[in-house]
Amino acid sequence: MADEGLISHKREPIKSSVGNAAAQKRRQHAVTVGKERREALMRTKRLCRVGVSGDSDDASLDDADMMIEEEQSILEARTSSAVDELKLAVAYQGKGETQKRVNALRELRRLLSKSEFPPVEVALQAGAIPLLIQCLSFGSPDEQLLEAAWCLTNIAAGKPDETKALLPALPLLVAHLGEKSSLHVAEQCAWALGNVAGEGGELRNVLLLQGALQALARMMLPNKRSTVRTAAWALSNLIKGPDPKAATELIKIDGVLDGIIRHLKKGDDELATEVAWVVVYLTALSNVATTILAKSDLVQVLVERLAVSSSLQLLIPVLRSLGNLVAGETHITNVVLVAGHEITDNAIQALVKCLKGEHRILKKEAAWVLSNIAAGSVEHKRLIFSSEAMALLLHLLSTAAFDIKKEVAYVLGNICVAPAEGSGRPNVILDHLVNLVRGGCLTGFLDLVRSADVEAARLGLQFIELVLRGMPNGEGPKLVEREDGIEAMERYQFHENEELRSMANELVDKYFGEEYGLDE
(Lines give C-alpha, C1' and ligand atoms only; values in the text may rest on other atoms or scores of the structure.)
Protein backbone atom coordinates (compact mmCIF):
# COMPACT_ATOMS: atom_id res chain seq x y z
CA MET A 1 0.00 0.00 0.00
CA ALA A 2 1.34 3.43 -0.85
CA ASP A 3 2.57 5.58 1.95
CA GLU A 4 -0.11 8.02 3.03
CA GLY A 5 2.34 10.68 4.10
CA LEU A 6 1.51 12.79 7.11
CA ILE A 7 0.86 10.79 10.24
CA SER A 8 -2.14 11.47 12.43
CA HIS A 9 -0.92 13.23 15.53
CA LYS A 10 -1.17 11.16 18.69
CA ARG A 11 -1.39 14.09 21.10
CA GLU A 12 -4.64 13.26 22.86
CA PRO A 13 -6.87 16.32 22.92
CA ILE A 14 -8.85 17.35 25.95
CA LYS A 15 -11.81 16.96 23.61
CA SER A 16 -11.88 15.25 20.26
CA SER A 17 -12.75 18.48 18.50
CA VAL A 18 -9.14 19.64 18.66
CA GLY A 19 -7.71 16.40 17.36
CA ASN A 20 -6.47 17.81 14.05
CA ALA A 21 -4.77 20.90 15.48
CA ALA A 22 -1.52 19.15 16.27
CA ALA A 23 -1.53 17.25 12.99
CA GLN A 24 -1.57 20.62 11.26
CA LYS A 25 1.43 21.55 13.37
CA ARG A 26 3.42 18.64 11.99
CA ARG A 27 2.49 19.62 8.46
CA GLN A 28 3.63 23.18 9.13
CA HIS A 29 6.85 21.85 10.63
CA ALA A 30 7.53 19.85 7.52
CA VAL A 31 6.84 22.43 4.84
CA THR A 32 7.85 25.67 6.55
CA VAL A 33 10.89 24.36 8.34
CA GLY A 34 13.04 26.86 6.45
CA LYS A 35 11.91 29.44 8.98
CA GLU A 36 13.10 27.33 11.90
CA ARG A 37 16.39 26.68 10.15
CA ARG A 38 16.96 30.41 9.81
CA GLU A 39 16.20 30.80 13.49
CA ALA A 40 18.83 28.12 14.09
CA LEU A 41 21.36 30.14 12.05
CA MET A 42 21.14 27.73 9.12
CA ARG A 43 20.51 28.42 5.45
CA THR A 44 18.58 26.48 2.85
CA LYS A 45 21.11 27.66 0.29
CA ARG A 46 24.77 28.06 1.06
CA LEU A 47 27.45 30.03 -0.68
CA CYS A 48 30.72 28.10 -0.83
CA ARG A 49 33.60 30.39 0.17
CA VAL A 50 36.15 27.75 1.20
CA GLY A 51 36.47 24.64 -0.92
CA VAL A 52 35.40 21.22 0.34
CA SER A 53 39.01 20.08 0.23
CA GLY A 54 39.89 22.76 2.76
CA ASP A 55 42.58 24.11 0.43
CA SER A 56 42.55 27.86 -0.16
CA ASP A 57 45.54 29.63 -1.58
CA ASP A 58 46.66 32.77 0.20
CA ALA A 59 45.99 34.94 -2.79
CA SER A 60 42.35 33.91 -2.76
CA LEU A 61 41.97 34.74 0.91
CA ASP A 62 43.67 38.10 0.51
CA ASP A 63 41.43 38.76 -2.44
CA ALA A 64 38.34 38.23 -0.29
CA ASP A 65 38.76 41.31 1.85
CA MET A 66 39.51 43.45 -1.16
CA MET A 67 36.59 42.05 -3.14
CA ILE A 68 34.00 43.01 -0.57
CA GLU A 69 35.18 46.61 -0.73
CA GLU A 70 35.11 46.86 -4.51
CA GLU A 71 32.34 48.58 -6.35
CA GLN A 72 29.77 46.15 -7.76
CA SER A 73 30.32 47.51 -11.27
CA ILE A 74 34.01 46.65 -11.11
CA LEU A 75 33.20 43.17 -9.81
CA GLU A 76 30.72 42.61 -12.62
CA ALA A 77 33.18 43.77 -15.24
CA ARG A 78 35.82 41.40 -13.89
CA THR A 79 33.31 38.57 -13.93
CA SER A 80 32.38 39.17 -17.55
CA SER A 81 36.08 39.19 -18.45
CA ALA A 82 36.63 35.99 -16.47
CA VAL A 83 33.94 34.20 -18.47
CA ASP A 84 35.53 35.42 -21.70
CA GLU A 85 38.88 34.05 -20.50
CA LEU A 86 37.19 30.74 -19.74
CA LYS A 87 35.80 30.62 -23.28
CA LEU A 88 39.30 31.02 -24.67
CA ALA A 89 40.68 28.42 -22.26
CA VAL A 90 38.00 25.87 -23.17
CA ALA A 91 38.62 26.41 -26.88
CA TYR A 92 42.41 26.23 -26.52
CA GLN A 93 44.08 22.96 -27.45
CA GLY A 94 47.75 22.63 -26.92
CA LYS A 95 50.47 22.50 -24.34
CA GLY A 96 49.24 23.49 -20.87
CA GLU A 97 45.58 23.48 -21.88
CA THR A 98 44.49 21.86 -18.58
CA GLN A 99 46.25 24.39 -16.43
CA LYS A 100 44.88 27.19 -18.56
CA ARG A 101 41.33 25.96 -17.92
CA VAL A 102 41.94 25.50 -14.21
CA ASN A 103 43.35 29.01 -13.88
CA ALA A 104 40.37 30.50 -15.71
CA LEU A 105 37.91 28.50 -13.61
CA ARG A 106 39.67 29.50 -10.42
CA GLU A 107 39.42 33.20 -11.30
CA LEU A 108 35.70 32.89 -12.02
CA ARG A 109 35.21 30.89 -8.83
CA ARG A 110 36.94 33.58 -6.76
CA LEU A 111 34.68 36.25 -8.20
CA LEU A 112 31.59 34.13 -7.43
CA SER A 113 32.82 33.38 -3.89
CA LYS A 114 34.24 36.53 -2.41
CA SER A 115 31.37 38.98 -2.42
CA GLU A 116 28.30 39.23 -0.26
CA PHE A 117 26.35 39.66 -3.52
CA PRO A 118 28.06 37.43 -6.11
CA PRO A 119 27.77 38.60 -9.73
CA VAL A 120 25.83 35.52 -10.79
CA GLU A 121 23.58 37.28 -13.28
CA VAL A 122 26.55 38.71 -15.16
CA ALA A 123 28.21 35.30 -15.30
CA LEU A 124 25.05 33.75 -16.73
CA GLN A 125 24.58 36.49 -19.31
CA ALA A 126 28.18 36.03 -20.40
CA GLY A 127 27.50 32.34 -21.08
CA ALA A 128 29.12 30.64 -18.08
CA ILE A 129 26.84 27.60 -17.80
CA PRO A 130 27.69 25.84 -21.11
CA LEU A 131 31.38 26.39 -20.42
CA LEU A 132 31.13 24.97 -16.90
CA ILE A 133 29.26 21.95 -18.24
CA GLN A 134 32.10 21.33 -20.70
CA CYS A 135 34.57 21.54 -17.84
CA LEU A 136 32.57 18.90 -15.93
CA SER A 137 32.98 16.30 -18.67
CA PHE A 138 34.16 12.88 -17.55
CA GLY A 139 37.87 12.27 -17.84
CA SER A 140 38.73 15.84 -16.84
CA PRO A 141 41.31 16.30 -14.06
CA ASP A 142 39.92 16.49 -10.53
CA GLU A 143 41.19 20.04 -10.06
CA GLN A 144 39.20 21.18 -13.08
CA LEU A 145 36.08 19.27 -11.99
CA LEU A 146 36.32 20.73 -8.51
CA GLU A 147 36.61 24.32 -9.70
CA ALA A 148 33.74 23.92 -12.18
CA ALA A 149 31.46 22.35 -9.57
CA TRP A 150 32.39 25.11 -7.11
CA CYS A 151 31.33 27.77 -9.64
CA LEU A 152 28.03 25.97 -10.18
CA THR A 153 27.52 25.70 -6.42
CA ASN A 154 27.61 29.45 -5.97
CA ILE A 155 25.48 30.11 -9.02
CA ALA A 156 22.89 27.74 -7.52
CA ALA A 157 22.98 29.74 -4.29
CA GLY A 158 21.56 32.72 -6.15
CA LYS A 159 18.06 33.84 -7.05
CA PRO A 160 15.43 31.33 -8.25
CA ASP A 161 15.98 32.01 -11.95
CA GLU A 162 19.73 31.78 -11.46
CA THR A 163 19.37 28.42 -9.73
CA LYS A 164 17.15 27.11 -12.52
CA ALA A 165 19.89 27.97 -15.00
CA LEU A 166 21.70 24.87 -13.71
CA LEU A 167 19.12 22.52 -15.23
CA PRO A 168 21.40 21.45 -18.13
CA ALA A 169 24.22 20.73 -15.64
CA LEU A 170 22.21 18.54 -13.26
CA PRO A 171 22.80 15.17 -14.97
CA LEU A 172 26.59 15.64 -14.80
CA LEU A 173 26.49 16.87 -11.21
CA VAL A 174 24.50 13.78 -10.22
CA ALA A 175 26.81 11.51 -12.22
CA HIS A 176 29.86 12.87 -10.41
CA LEU A 177 28.40 11.69 -7.09
CA GLY A 178 29.29 8.16 -8.18
CA GLU A 179 31.94 5.92 -6.68
CA LYS A 180 34.40 6.64 -9.50
CA SER A 181 34.63 10.31 -8.51
CA SER A 182 37.05 11.60 -5.91
CA LEU A 183 35.53 12.48 -2.56
CA HIS A 184 36.26 16.20 -2.98
CA VAL A 185 34.60 16.34 -6.40
CA ALA A 186 31.60 14.32 -5.22
CA GLU A 187 31.16 16.51 -2.16
CA GLN A 188 31.31 19.74 -4.15
CA CYS A 189 28.73 18.38 -6.59
CA ALA A 190 26.54 17.37 -3.63
CA TRP A 191 26.77 20.93 -2.32
CA ALA A 192 25.65 22.29 -5.69
CA LEU A 193 22.74 19.84 -5.79
CA GLY A 194 21.76 20.78 -2.24
CA ASN A 195 21.44 24.39 -3.33
CA VAL A 196 19.33 23.34 -6.31
CA ALA A 197 17.08 21.18 -4.13
CA GLY A 198 16.65 24.07 -1.72
CA GLU A 199 14.98 26.15 -4.42
CA GLY A 200 11.69 24.27 -4.41
CA GLY A 201 9.58 21.30 -5.34
CA GLU A 202 9.95 21.62 -9.11
CA LEU A 203 13.72 21.26 -9.07
CA ARG A 204 13.56 18.62 -6.33
CA ASN A 205 11.39 16.50 -8.61
CA VAL A 206 13.88 16.86 -11.44
CA LEU A 207 16.72 15.73 -9.18
CA LEU A 208 14.71 12.76 -7.91
CA LEU A 209 14.01 11.63 -11.47
CA GLN A 210 17.72 11.86 -12.24
CA GLY A 211 18.72 9.58 -9.35
CA ALA A 212 20.11 12.17 -6.94
CA LEU A 213 18.45 10.55 -3.91
CA GLN A 214 20.22 7.22 -4.24
CA ALA A 215 23.55 8.85 -5.06
CA LEU A 216 23.43 11.20 -2.07
CA ALA A 217 22.28 8.36 0.19
CA ARG A 218 25.39 6.37 -0.69
CA MET A 219 27.49 9.31 0.45
CA MET A 220 25.87 9.06 3.89
CA LEU A 221 27.18 5.57 4.52
CA PRO A 222 30.96 5.94 5.10
CA ASN A 223 32.57 7.63 8.08
CA LYS A 224 33.82 10.62 6.10
CA ARG A 225 32.76 13.56 8.24
CA SER A 226 32.74 16.41 5.74
CA THR A 227 31.27 14.33 2.92
CA VAL A 228 28.51 12.90 5.11
CA ARG A 229 27.66 16.33 6.49
CA THR A 230 27.27 17.83 3.02
CA ALA A 231 25.32 14.84 1.72
CA ALA A 232 22.97 14.93 4.72
CA TRP A 233 22.32 18.65 4.24
CA ALA A 234 21.60 18.09 0.54
CA LEU A 235 19.31 15.15 1.38
CA SER A 236 17.34 17.21 3.89
CA ASN A 237 16.67 19.74 1.12
CA LEU A 238 15.79 16.97 -1.33
CA ILE A 239 13.20 15.15 0.81
CA LYS A 240 11.58 18.12 2.54
CA GLY A 241 8.21 17.51 0.94
CA PRO A 242 5.36 18.03 1.07
CA ASP A 243 5.25 14.80 -0.98
CA PRO A 244 6.36 11.92 1.30
CA LYS A 245 7.57 9.70 -1.55
CA ALA A 246 11.24 10.72 -1.37
CA ALA A 247 11.37 10.33 2.42
CA THR A 248 9.85 6.86 2.16
CA GLU A 249 12.27 5.85 -0.57
CA LEU A 250 15.29 7.16 1.34
CA ILE A 251 14.70 5.15 4.52
CA LYS A 252 14.37 1.95 2.47
CA ILE A 253 17.85 2.29 0.94
CA ASP A 254 20.23 -0.29 2.41
CA GLY A 255 22.49 1.13 5.08
CA VAL A 256 20.74 4.50 5.46
CA LEU A 257 19.12 3.67 8.81
CA ASP A 258 22.39 2.38 10.27
CA GLY A 259 24.21 5.42 8.92
CA ILE A 260 21.73 7.85 10.44
CA ILE A 261 21.99 6.27 13.89
CA ARG A 262 25.78 5.96 13.74
CA HIS A 263 26.35 9.57 12.73
CA LEU A 264 23.85 10.88 15.28
CA LYS A 265 25.53 8.86 18.00
CA LYS A 266 29.20 9.43 17.18
CA GLY A 267 29.33 12.51 14.97
CA ASP A 268 30.30 15.96 16.19
CA ASP A 269 27.62 18.61 16.62
CA GLU A 270 27.84 19.92 13.04
CA LEU A 271 27.52 16.49 11.48
CA ALA A 272 24.80 15.36 13.89
CA THR A 273 22.83 18.56 13.18
CA GLU A 274 22.62 17.88 9.45
CA VAL A 275 21.69 14.24 10.01
CA ALA A 276 19.05 15.26 12.56
CA TRP A 277 17.37 17.49 9.97
CA VAL A 278 17.11 14.46 7.69
CA VAL A 279 15.34 12.67 10.53
CA VAL A 280 13.01 15.66 11.00
CA TYR A 281 11.72 15.34 7.45
CA LEU A 282 11.59 11.55 7.53
CA THR A 283 9.46 11.56 10.68
CA ALA A 284 7.31 14.53 9.65
CA LEU A 285 6.37 13.23 6.22
CA SER A 286 6.45 9.45 5.96
CA ASN A 287 4.52 6.79 7.84
CA VAL A 288 6.90 4.14 6.59
CA ALA A 289 10.00 6.04 7.68
CA THR A 290 8.54 6.84 11.09
CA THR A 291 7.63 3.20 11.74
CA ILE A 292 11.09 1.99 10.77
CA LEU A 293 12.85 4.65 12.84
CA ALA A 294 10.58 4.05 15.83
CA LYS A 295 11.63 0.41 16.01
CA SER A 296 15.34 1.23 15.90
CA ASP A 297 17.62 2.67 18.57
CA LEU A 298 16.94 6.19 17.34
CA VAL A 299 14.93 7.39 20.34
CA GLN A 300 17.70 6.37 22.72
CA VAL A 301 20.27 8.21 20.60
CA LEU A 302 18.11 11.35 20.35
CA VAL A 303 17.58 11.41 24.11
CA GLU A 304 21.32 11.03 24.72
CA ARG A 305 22.09 13.91 22.36
CA LEU A 306 19.41 16.03 23.97
CA ALA A 307 20.86 15.46 27.40
CA VAL A 308 24.50 16.30 26.67
CA SER A 309 24.46 18.89 23.87
CA SER A 310 24.40 22.64 24.39
CA SER A 311 24.26 23.46 20.66
CA LEU A 312 21.04 25.26 19.73
CA GLN A 313 21.52 24.28 16.09
CA LEU A 314 21.55 20.61 17.07
CA LEU A 315 18.95 20.66 19.83
CA ILE A 316 16.22 22.09 17.61
CA PRO A 317 16.15 19.24 15.05
CA VAL A 318 16.75 16.63 17.78
CA LEU A 319 13.73 17.90 19.71
CA ARG A 320 11.66 18.10 16.53
CA SER A 321 12.59 14.54 15.57
CA LEU A 322 11.77 13.21 19.02
CA GLY A 323 8.44 15.03 19.03
CA ASN A 324 7.55 13.71 15.59
CA LEU A 325 8.31 10.15 16.67
CA VAL A 326 6.28 10.39 19.86
CA ALA A 327 3.43 12.03 17.99
CA GLY A 328 3.41 9.60 15.12
CA GLU A 329 4.07 6.16 16.57
CA THR A 330 2.23 4.55 19.48
CA HIS A 331 5.15 2.11 19.57
CA ILE A 332 7.27 4.85 21.13
CA THR A 333 5.05 5.50 24.14
CA ASN A 334 3.83 1.92 24.48
CA VAL A 335 7.15 0.12 24.15
CA VAL A 336 10.06 2.57 24.36
CA LEU A 337 9.07 5.48 26.62
CA VAL A 338 7.50 3.37 29.34
CA ALA A 339 7.18 4.78 32.84
CA GLY A 340 9.95 3.35 35.01
CA HIS A 341 12.37 2.76 32.14
CA GLU A 342 15.69 4.59 32.32
CA ILE A 343 15.29 6.03 28.83
CA THR A 344 11.96 7.60 29.84
CA ASP A 345 13.44 9.21 32.93
CA ASN A 346 16.35 10.47 30.85
CA ALA A 347 13.96 11.88 28.25
CA ILE A 348 11.98 13.81 30.86
CA GLN A 349 15.19 15.17 32.41
CA ALA A 350 16.49 16.26 29.00
CA LEU A 351 13.21 18.00 28.24
CA VAL A 352 13.33 19.72 31.62
CA LYS A 353 16.78 21.01 30.69
CA CYS A 354 15.29 22.58 27.56
CA LEU A 355 12.41 24.13 29.52
CA LYS A 356 14.98 25.73 31.82
CA GLY A 357 17.02 27.12 28.95
CA GLU A 358 17.03 30.66 27.61
CA HIS A 359 15.99 29.87 24.05
CA ARG A 360 12.28 30.26 23.35
CA ILE A 361 12.41 27.76 20.47
CA LEU A 362 13.71 25.04 22.78
CA LYS A 363 11.04 25.76 25.37
CA LYS A 364 8.31 25.56 22.76
CA GLU A 365 9.63 22.36 21.20
CA ALA A 366 10.20 20.71 24.59
CA ALA A 367 6.64 21.50 25.64
CA TRP A 368 5.36 20.01 22.38
CA VAL A 369 7.26 16.76 23.00
CA LEU A 370 5.97 16.63 26.59
CA SER A 371 2.41 17.18 25.37
CA ASN A 372 2.71 14.04 23.27
CA ILE A 373 4.17 12.00 26.10
CA ALA A 374 1.35 13.31 28.30
CA ALA A 375 -1.10 12.03 25.71
CA GLY A 376 0.01 8.50 26.49
CA SER A 377 -1.15 6.27 29.33
CA VAL A 378 -2.14 7.40 32.80
CA GLU A 379 1.31 6.21 33.90
CA HIS A 380 2.89 8.67 31.46
CA LYS A 381 0.73 11.47 32.81
CA ARG A 382 1.71 10.65 36.39
CA LEU A 383 5.37 10.47 35.40
CA ILE A 384 5.31 14.07 34.13
CA PHE A 385 3.10 15.18 37.01
CA SER A 386 5.65 13.96 39.56
CA SER A 387 8.66 15.42 37.73
CA GLU A 388 10.48 18.71 37.94
CA ALA A 389 8.73 19.71 34.72
CA MET A 390 5.50 20.63 36.50
CA ALA A 391 6.78 23.70 38.32
CA LEU A 392 8.45 24.90 35.12
CA LEU A 393 5.30 24.39 33.06
CA LEU A 394 3.13 26.29 35.52
CA HIS A 395 5.63 29.16 35.51
CA LEU A 396 5.74 29.24 31.70
CA LEU A 397 1.94 29.25 31.45
CA SER A 398 1.86 32.56 33.28
CA THR A 399 5.05 34.20 31.99
CA ALA A 400 6.04 32.83 28.58
CA ALA A 401 5.32 34.13 25.09
CA PHE A 402 1.90 33.22 23.72
CA ASP A 403 3.01 30.40 21.40
CA ILE A 404 4.88 28.72 24.25
CA LYS A 405 1.85 29.11 26.54
CA LYS A 406 -0.25 27.20 24.03
CA GLU A 407 2.14 24.27 23.96
CA VAL A 408 2.40 24.27 27.76
CA ALA A 409 -1.40 24.33 28.03
CA TYR A 410 -1.61 21.15 25.97
CA VAL A 411 0.77 19.42 28.39
CA LEU A 412 -1.16 20.52 31.46
CA GLY A 413 -4.53 19.74 29.90
CA ASN A 414 -3.49 16.25 28.84
CA ILE A 415 -2.10 15.51 32.30
CA CYS A 416 -5.56 16.11 33.78
CA VAL A 417 -7.59 13.74 31.61
CA ALA A 418 -7.80 10.00 31.07
CA PRO A 419 -9.37 8.47 27.95
CA ALA A 420 -13.07 7.79 28.23
CA GLU A 421 -14.74 4.71 26.87
CA GLY A 422 -16.42 5.29 23.55
CA SER A 423 -16.74 8.88 22.39
CA GLY A 424 -17.75 10.41 25.70
CA ARG A 425 -16.04 13.21 27.57
CA PRO A 426 -12.59 12.36 28.94
CA ASN A 427 -12.42 11.38 32.57
CA VAL A 428 -10.82 13.82 34.99
CA ILE A 429 -7.70 12.78 36.91
CA LEU A 430 -8.80 14.54 40.04
CA ASP A 431 -5.55 14.89 42.00
CA HIS A 432 -3.80 16.30 38.93
CA LEU A 433 -6.56 18.81 38.24
CA VAL A 434 -6.79 19.96 41.85
CA ASN A 435 -3.04 20.35 42.14
CA LEU A 436 -2.78 22.39 38.94
CA VAL A 437 -5.69 24.67 39.85
CA ARG A 438 -4.24 25.18 43.32
CA GLY A 439 -0.96 25.99 41.58
CA GLY A 440 -2.59 28.93 39.80
CA CYS A 441 -3.02 27.62 36.27
CA LEU A 442 -6.63 28.79 35.94
CA THR A 443 -5.55 32.34 35.15
CA GLY A 444 -3.34 31.14 32.32
CA PHE A 445 -6.10 29.08 30.72
CA LEU A 446 -8.55 31.97 30.96
CA ASP A 447 -5.99 34.15 29.21
CA LEU A 448 -6.17 31.66 26.35
CA VAL A 449 -9.96 31.92 26.35
CA ARG A 450 -9.66 35.69 26.01
CA SER A 451 -7.20 35.45 23.13
CA ALA A 452 -8.03 35.90 19.47
CA ASP A 453 -6.40 32.57 18.62
CA VAL A 454 -9.17 30.02 17.93
CA GLU A 455 -7.09 26.96 18.83
CA ALA A 456 -5.93 28.55 22.08
CA ALA A 457 -9.43 29.70 22.99
CA ARG A 458 -10.81 26.23 22.36
CA LEU A 459 -8.11 24.70 24.54
CA GLY A 460 -8.84 27.21 27.30
CA LEU A 461 -12.59 26.48 27.20
CA GLN A 462 -11.92 22.76 27.36
CA PHE A 463 -9.85 23.17 30.50
CA ILE A 464 -12.48 25.44 32.05
CA GLU A 465 -15.01 22.66 31.42
CA LEU A 466 -12.77 20.26 33.37
CA VAL A 467 -12.59 22.72 36.27
CA LEU A 468 -16.35 23.34 36.31
CA ARG A 469 -17.14 19.65 36.09
CA GLY A 470 -14.32 18.10 38.06
CA MET A 471 -13.29 20.24 41.01
CA PRO A 472 -14.54 18.67 44.28
CA ASN A 473 -17.34 20.09 46.45
CA GLY A 474 -18.75 22.00 43.50
CA GLU A 475 -16.14 24.74 43.86
CA GLY A 476 -15.32 24.91 40.16
CA PRO A 477 -17.87 27.61 39.25
CA LYS A 478 -16.77 29.82 42.15
CA LEU A 479 -13.12 29.52 41.14
CA VAL A 480 -13.95 30.43 37.54
CA GLU A 481 -16.15 33.35 38.61
CA ARG A 482 -13.40 34.66 40.92
CA GLU A 483 -11.07 34.89 37.88
CA ASP A 484 -13.71 36.74 35.80
CA GLY A 485 -14.23 33.58 33.81
CA ILE A 486 -17.92 34.25 33.21
CA GLU A 487 -17.08 37.48 31.45
CA ALA A 488 -14.40 35.67 29.40
CA MET A 489 -16.90 33.05 28.22
CA GLU A 490 -19.67 35.55 27.54
CA ARG A 491 -17.44 37.14 24.92
CA TYR A 492 -18.36 34.18 22.74
CA GLN A 493 -22.12 34.67 23.05
CA PHE A 494 -22.29 35.94 19.45
CA HIS A 495 -18.91 34.76 18.20
CA GLU A 496 -18.55 33.94 14.50
CA ASN A 497 -16.94 30.57 15.29
CA GLU A 498 -19.87 28.23 15.86
CA GLU A 499 -17.88 25.69 17.85
CA LEU A 500 -16.48 28.23 20.31
CA ARG A 501 -19.86 29.97 20.58
CA SER A 502 -21.58 26.69 21.39
CA MET A 503 -18.95 25.58 23.90
CA ALA A 504 -18.93 28.85 25.81
CA ASN A 505 -22.72 29.28 25.86
CA GLU A 506 -23.28 25.72 27.05
CA LEU A 507 -20.83 26.18 29.92
CA VAL A 508 -22.38 29.48 31.00
CA ASP A 509 -25.92 28.08 30.79
CA LYS A 510 -25.07 24.86 32.60
CA TYR A 511 -22.96 26.20 35.45
CA PHE A 512 -24.02 29.84 35.76
CA GLY A 513 -27.74 29.72 35.01
CA GLU A 514 -30.59 31.33 36.90
CA GLU A 515 -30.14 29.12 39.95
CA TYR A 516 -26.42 29.83 40.32
CA GLY A 517 -25.65 31.27 43.74
CA LEU A 518 -29.15 30.83 45.22
CA ASP A 519 -27.94 28.30 47.78
CA GLU A 520 -25.43 30.69 49.29
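The values are calculated or read from the model by the stated rules, or taken from the named source; none is laboratory data. This structure is a prediction, so every number in the text was calculated from the model and none was measured. Cβ placement follows ideal geometry from the backbone for every residue including glycine, while neighbour counts extend to all protein chains displayed. Surface areas here come from the heavy atoms of the whole protein model, side chains and all, with no ligands, DNA or RNA. Shrake-Rupley method; radii C 1.70, N 1.55, O 1.52, S 1.80 Å.
For the range 136-157, the set of residues classified as over 14 Å from Asn103 (Cβ atoms) and without any contact (Cβ under 8 Å) to a residue 60 or more places away in the chain consists of Leu136, Ser137, Phe138, Gly139, Ser140, Asp142, Leu145, Ala149, Leu152, Ile155, listed by residue number.
In this structure, Leu351 does satisfy being open to solvent by less than 10 Å² (accessible area, probe 1.4 Å), at pLDDT 95 or above and among the hydrophobic types (A, V, I, L, M, F, W, C). Scanning the range 233-286 for residues that are β-branched (Val, Ile, Thr) and within 21 Å of Ile316 (Cβ to Cβ) returns Ile239, Ile260, Ile261, Thr273, Val275, Val278, Val279, Val280, Thr283. Looking only at the range 447-454, decide whether some residue is of a type in the set (Ser, Thr, Tyr) and in contact with a Gly (Cβ under 9 Å, 6 or more places away or on another chain). There is at least one residue in the range 447-454 that is of a type in the set (Ser, Thr, Tyr) and in contact with a Gly (Cβ under 9 Å, 6 or more places away or on another chain).
Taking only pairs six or more apart or across chains, which ones have beta-carbon atoms under 8 Å, a first residue in the range 446-461 that is hydroxyl-bearing (Ser, Thr, Tyr), and a second residue that is open to solvent by less than 50 Å² (accessible area, probe 1.4 Å)? Final answer for the pair search is Ser451/Ala457; Ser451/Gly460.
Summed over the range 177-202, residues that are in contact with a Cys (Cβ under 8 Å, 6 or more places away or on another chain) and without any contact (Cβ under 8 Å) to a residue 40 or more places away in the chain total 1.
The rows are residues; the columns are (1) more than 20 Å from Leu430 (Cβ to Cβ); (2) hydrophobic (A, V, I, L, M, F, W, C); (3) touching a residue at least 24 places away in the same chain (Cβ under 8 Å).
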{"site": "Phe463", "(1), (2), (3)": "no, yes, yes"}
{"site": "Leu479", "(1), (2), (3)": "no, yes, yes"}
{"site": "Asn497", "(1), (2), (3)": "yes, no, yes"}
{"site": "Arg501", "(1), (2), (3)": "yes, no, no"}
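Any residue in the range 313-328 that is exposed (fewer than 15 other Cβ atoms within 10 Å of the Cβ) and in contact with an Asp or Glu (Cβ under 9 Å, 6 or more places away or on another chain)? Checking the range 313-328: not a single residue is exposed (fewer than 15 other Cβ atoms within 10 Å of the Cβ) and in contact with an Asp or Glu (Cβ under 9 Å, 6 or more places away or on another chain). Would you call Ile332 touching a residue at least 60 places away in the same chain (Cβ under 8 Å), of a type in the set (A, V, I, L, M) and over 22 Å from Leu216 (Cα atoms)? Taking the combined requirement at face value, the residue does not satisfy it.
Counting only helices (runs of 4 or more DSSP H) that sit completely within the range 121-183, those holding 2 or more residues that are open to solvent by 30 Å² or more (accessible area, probe 1.4 Å) and under 15 Å from Lys87 (Cβ atoms) correspond to 128-135.
Within the range 186-210, the set of residues being open to solvent by 10 Å² or more (accessible area, probe 1.4 Å) and part of a helix (DSSP H, G or I) comprises Trp191, Gly201, Glu202, Arg204, Asn205, Val206, Leu208, Leu209.
Filtering the range 322-334 for residues that are among the acidic types (Asp, Glu) and either in a loop (DSSP other than H, G, I, E, B) or under 22 Å from the mean Cα position of the chain (by Cα) (or both) leaves a non-empty set.
Find the residue count for the range 408-445, including only residues that are in contact (Cβ under 8 Å) with a residue 24 or more places away in the chain and of a type in the set (D, E, K, R). Adding up the residues that qualify gives 1. Taking helices (runs of 4 or more DSSP H) as the structural unit, those lying wholly within the range 377-447 and holding at least 2 residues that are open to solvent by less than 10 Å² (accessible area, probe 1.4 Å) and closer than 25 Å to His359 by Cα correspond to 389-399, 402-415. The set of residues from the range 364-376 being open to solvent by 10 Å² or more (accessible area, probe 1.4 Å) and among the small types (Gly, Ala, Ser) comprises Ala375, Gly376.
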